[in-house]
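The values are calculated or read from the model by the stated rules, or taken from the named source; none is laboratory data. Quick caveat, the model's predicted, so the values are computed rather than measured. Here the Cβ is made from the backbone with ideal geometry for all residues, glycine too, and neighbour counts use every protein chain on show. Surface accessibility is based on the protein's heavy atoms, side chains included, excluding ligands, DNA and RNA. Shrake-Rupley method; radii C 1.70, N 1.55, O 1.52, S 1.80 Å.
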Amino acid sequence: MIRLSRRAALAGSGALLAAPAVAQQRTVKALLGWPPGGSSDIVARTFAERMRAPLNANILVENRPGAGGRIALEAAKAATPDGSLYIQTPASMLTIYPHLYKSLRYDALTDFVPVSTVCAFPFAFTVRADHPARTLAEFIAWGKGQQQIAWASPSPGTMPHFMGVEFARQTGLAMNHVPYRGGAPVMTDVLAGVITAGMNVLSEPVPFHTGGQMRILAVSAPARIPRLPDVPTFAELGFATLSRQEWFGVLLPAGSPASVVQPLHAALAAAAATSEVRDVLTRLEFVPEIMAPAAFAERIRSERESWGPIVAASGFKPEEG
């Protein structure tokens, strides 16, 4: 049996007492360009809770809404690249906005270090349950006989807006875009018959589809949704360019070293693998998605390029510069 001298024992106990001070948590800020309570906020806070232990950090989610997410991105761009701040943003701010705003004051690939996507989610094209079209093909055939079809998206200048414009262009239908402020009002007016169709985040119409009040004619996911096995994808119906998903991605300020990027990426991956995060994402109809930083950067680049012609063909001009 090994015996410690009194001096050694006291020294050991002192080291144990000092350990908590050495392991004291730092604070990391997770910046969002959207108000509390939305899906982006829920995802950020769910991940933050599960990333505290891997990063040994207290992660504080800060909501800084305004200018369609641009204010937060500009603030993140100006932050010190020491790992004390990262930003979670939807794809559109990085891939579509460059084609909308001439005075955009950030570039996703030169002003930031892409770390990873965290989740992805598709969109759904919907009509009321009593609409004569039961399939997308029937909707197109029905639409050929209409002088004008009013359809809605949750906001102008967003992914569902331009997907609807591209759908109209490819089918030749006379579709009039009516921009709303949020997905819930779109659902309300489609159900009320005020608007013929809507292009929404999938999670919003699912309860109405399963409840029999609304019909989802197609989804933009790359494959059929397990919960909706009878709903086809746009791609399988011949609309490959509408096979698109929005995603939330995490980025750091430009100049962040590998010693900051790699632990953050590992913490995101660890969080995405937990049942708690997956359960939250499933309830939102989101899918966890972790990518290597280089692959994420290439995704931003390729998607940004692919949206250029679609935005240009739409003729849409934002109200602000």
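Could you tell me the convex hull volume per residue, in Å³, taken over the Cα atoms of the chain?
Working: hull volume 51.4 nm³, N = 321.
It is 160 Å³ per residue.
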- request: Using Cα positions and a limit of under 20 Å, work out the lysines in reach of Lys29, with same-chain residues fewer than 8 apart set aside.
  value: Lys77
query: What longest range of the chain stays clear of loop-exposed trypsin sites (Lys or Arg not before Pro) (DSSP non-H/G/I/E/B, at most 15 other C-beta within 10 angstrom)?
result: 4-101
statement: With region 49-120 reduced to its Cα atoms and the Debye formula applied, log10 I(q)/I(0) at q = 0.16, 0.26 1/Å amounts to -0.63, -1.46
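Would you please put 153-160, 305-312, 247-254 in order of how densely packed they are, using the mean number of other Cβ atoms within 10 angstrom per residue and starting with the highest? Before the final figure, lay out each step's value.
Values: 153-160: 21.6, 305-312: 15.1, 247-254: 23.8.
Peptide ranking by packing, descending: 247-254, 153-160, 305-312.
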field: Net +/- balance of residues flanking Asp82 in space, Cβ distance below 13 Å, scoring K and R +1, D and E -1
entry: +2
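About its Cα centre, what dipole magnitude does region 156-241 give when the only charges are +1 on Lys and Arg Cβ and -1 on Asp and Glu Cβ, stated in debye to the nearest 20?
Working: 5 positive and 5 negative charges, 8 e Å.
Magnitude of the dipole: close to 40 debye.
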message: Angle check, please: helix 183-192 long axis (alpha carbons) against the longest principal axis of the chain (alpha carbons), in degrees 0 to 90, nearest 10.
response: 30 degrees
- request: Largest first and to the nearest Å, give the Cα extent of region 144-264 along each principal axis.
  value: 60, 29, 29
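Using a 1.4 angstrom probe on heavy atoms only, work out the carbon and sulfur share of the accessible area of the chain in %. Each step should come with its number before you reach the end.
Details: 8280 of 14860 Å².
With neighbouring chains kept in place, the figure for the chain is 56 percent.
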message: Using only the heavy atoms of the protein chains and a 1.4 Å probe, how would Asp230, Asp82 rank by accessible area, largest first?
response: Asp230, Asp82
statement: Relative to the chain, whose Cα atoms define the longest principal axis, helix 39-55 and its Cα axis are tilted in degrees, nearest 10, by 20 degrees
Cα-based Rg of region 262-321 normalised by 2.2 N^0.38 Å, two decimals: 1.60
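Kirkwood hydrodynamic radius for region 208-267: how many Å is it when counted over pairs of different Cα atoms?
Details: mean 1/r = 0.0681 Å⁻¹.
It is 14.7 Å.
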